[in-house]
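Working notes for the structure below.
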Ligand code: SF4
């Protein structure tokens, strides 16, 4: 059992006491029940005495300036730079995790940057970023830190972007997304079996998050599905997923099908063949979705944005690089005037200069 000193943190929200004396964390649908000194599955929320604490407040696994396309977001300030950071831990346990060094961290050696919310907002503003992304690991589990950083960013006119698996309960979901301007939600598959077997989670709460975003907020969001050969890439599953998105969220929510590479506990699967991504895209387009993209490969034809009114190419893209820009300043097609769904604000990038594919690490705060 860990000591109270080793579990130092800030008071966490969303928990209650059970009759048997344990404290139940109500932040995510895992509902961990904690005795004194125990950590939840996410490892960063723990019981210290008579409260649940967040042990990673103010501690980051690192900061990087990324292109917004890397989140991925193709319809939110395209070409702009975003200051990205995460902490440690995760509330899912995906065997195919592509960020396992951060999400599975069991000690905090990786948390090298001690950064107050205002320091992060100042660093983003000074480096010319238009937004800050809560990414690398899921902001749901560091909610108290994420919302404080987000408030500091908004006070400086910066936007906030959550990259999340959407595995969260109703009240914290509302608190987190009230501070967000955009999100990319990982829809890992479209079967409960996949979530149970490969993520130790469940699909239903993720679908609830997507419907919540669409119908109860103004948050711009896009969906990413990592296609894993033999696990979630069958035409029948892609058809079901696409039909659900079309019916419940509408045709304008962008959908990204991205390529898997063998990682973490899933080394026995081959990388996703590009043809699988292209087939999935075809199926989703046939279901009526207007903006469906391939990811983690070079394929400009399926990474560019086309007008759904007349078919004109509005934004050319090669992976994270903007190769062509034809949108009007208010996000319309110059040929037919149809509005492209998304959040657009002037020309591509920061003050008209696309950030490109660069990834620039930076130090924020006090350091270790
Ligand atoms: S946030 Fe962490 S501690 Fe809370 S229920 Fe989820 S996994 Fe458990």
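Every number in this text was worked out from the coordinates using simple rules, so none of it is lab data. A quick note: this is a predicted structure, and the numbers were derived from the prediction, not measured. All Cβ positions, even for glycine, are placed from backbone atoms using ideal geometry, and neighbour counts span all protein chains on display.
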C-alpha center-to-center spacing [the stretch 66-80, the stretch 26-65] in angstrom = 30
Mean Cβ count within 10 Å, highest first, over the residues of peptides 329-339, 65-75, 209-219 = 65-75, 209-219, 329-339
Against the longest alpha carbon principal axis of the chain, how many degrees, from 0 to 90 and to the nearest 10, is the axis of helix 274-286 turned?
-> 80
Could you line up 57, 167 from fewest to most neighbouring Cβ atoms inside 10 Å?
-> 57, 167
May I ask you to derive the relative contact order of the stretch 24-164, considering only C-alpha pairs under 8 Å and at least 6 residues apart, and to give it as an integer percent?
-> 23
With the contact rule set at Cα under 8 Å and sequence spacing of 6 or more, what percent relative contact order holds for the chain?
-> 17
What percent antiparallel are the DSSP beta bridges of the chain, to the nearest 5?
-> 55
Highest average packing first - 232-240, 38-46, 114-122, Cβ atoms within 10 Å = 38-46, 114-122, 232-240
Within the chain, helix-based [θ] at 222 nm, where runs of 4 or more DSSP H residues each add -39,500 (n - 2.57), nearest 500 = -6000 deg cm²/dmol
Does the stretch 276-340 come out rounded, prolate or oblate by the C-alpha gyration tensor, with a ≥ b ≥ c the root eigenvalues, rounded set by a/c under 1.5 and, if not, prolate when a/b is larger than b/c and oblate if not?
-> oblate
Coordinate range along principal axes, alpha carbons of the chain, Å, largest first | 64, 47, 37
Please report how far the C-alpha centroid of the stretch 112-185 lies from that of the stretch 330-359, rounded to the nearest whole angstrom.
-> 23
Using only Cα atoms, tell me the angle between helix 143-155 and the longest principal axis of the chain; keep it within 0 to 90° and round to the nearest 10.
-> 50
Checking rank on 47-56, 241-250, with mean other Cβ inside 10 Å and highest first, the result is 47-56, 241-250
